[in-house]
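The values are calculated or read from the model by the stated rules, or taken from the named source; none is laboratory data. Predicted model only: the values in this text are computed from it and were never measured. A quick note on method: Cβ atoms are made from the backbone with ideal geometry, for glycine too, and the neighbour counts reach across all protein chains shown. Ligands, DNA and RNA are excluded from the accessible area calculation, which covers all protein heavy atoms including side chains. Shrake-Rupley method; radii C 1.70, N 1.55, O 1.52, S 1.80 Å.
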Amino acid sequence: MTVIVATGMRSEAALLPPGLRVVVSGGDPARLRRKLDEAAEGATAVLSFGIAGGLDAALEPGALVVATRVRAPGGAWPADTVWSSALVRASGARLGVVAGASAVVSGPDAKRSLRLMTDALVVDMESAVAAAFAASRGLPFAVLRAVADTAEEVLPRAAAVGLTRTGRPAPGRVAMALLRRPGELPALVQVAKRSRTALESLARVARDLPRPGGAAPFPANDMG
């Protein structure tokens with residue numbers, strides 16, 4: 001069994017157990033699609049995993065969400081029901097729609113609009129790409145995401161430039177952005193705290209992720 005996991009950041013990828021074929025986008029959906037194609041040989045399932053922006057105002061930082069389906073401008077893709085149910089049982093996550101976006105959804109007004117259009121609980125930049133890829137190859141697909149910024153929070157522009165193309169932190173870019181907009185520093189500190197909370201929630205469940213079909217968690221020696 002070879003499961004491809006789509007993430008945006010190295011810090012998300014580092015939480016996952018051995019044996020998974022992890023692809024890191026660095027916040028670039030086009031790059032993610034290329035890397036998924038490169039990793040496709042022998043793949044048996046696809047998981048989108050990482051942090052997300054909250055769209056439902058009831059969701060606090062660290063809340064976990066498993067997708068029933070992913071909706072984006074390019075289409076809508078149902079998640080595998082058996083695998084998703086197993087993820088909910090293993091994580092205690094809320095089950096609902098996940099929205100896909102090609103760019104950061106930064107402000108409360110944009111988040112409310114996206115919520116109304118899609119009925120989604122959260123939004124991220126990897127799930128729609130991963131869902132479309134899985135559908136194109138007839139592979140089971142699932143999403144497990146943790147809320148970082150809430151529906152009413154503004155993501156500062158400095159946060160949007162905080163990654164390198166390999167998904168690692170880019171402190172130089174952030175510093176330059178803050179020099180141009182020093183007033184964003186308090187919001188950026190808040191975003192960092194919220195992201196840590198989300199990653200901690202993911203870490204608590206990542207080592208016991210159920211395999212597709214709702215089977216037992218991935219053993220450490222399952223090298224797929």
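Figures for the structure shown
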{"quantity": "Residue tally, condition closer than 19 Å to residue 101 by Cβ and surrounded by fewer than 16 Cβ atoms within 10 Å (Cβ to Cβ), over the stretch 22-43", "calculated": "2"}
{"quantity": "Test: residue 4 is β-branched (Val, Ile, Thr), open to solvent by 20 Å² or more (accessible area, probe 1.4 Å), at pLDDT 95 or above and touching a strand residue (DSSP E or B) at 6+ places or on another chain (Cβ under 9 Å)", "calculated": "no"}
{"quantity": "Candidates 161, 189, 143 - the one that is open to solvent by 30 Å² or more (accessible area, probe 1.4 Å) and modelled with pLDDT of 75 or more", "calculated": "189"}
{"quantity": "Tabulated pairs, the stretch 104-130, first among the basic types (Lys, Arg), second in a strand (DSSP E or B) and at pLDDT 95 or above, C-beta under 9 angstrom, 6+ apart or interchain", "calculated": "111/53; 111/54; 111/123; 115/99; 115/121; 115/123"}
{"quantity": "Only listed residue being at positive phi, modelled with pLDDT of 95 or more and open to solvent by 20 Å² or more (accessible area, probe 1.4 Å), chosen from 92, 50, 62", "calculated": "92"}
{"quantity": "Filter result (buried (at least 21 other Cβ atoms within 10 Å of the Cβ) and hydroxyl-bearing (Ser, Thr, Tyr)) within the stretch 196-215", "calculated": "201"}
{"quantity": "Filter result for residue 134 (under 16 Å from the mean Cα position of the chain (by Cα), buried (at least 20 other Cβ atoms within 10 Å of the Cβ) and either in contact (Cβ under 8 Å) with a residue 40 or more places away in the chain or within 22 Å of residue 205 (Cβ to Cβ) (or both))", "calculated": "yes"}
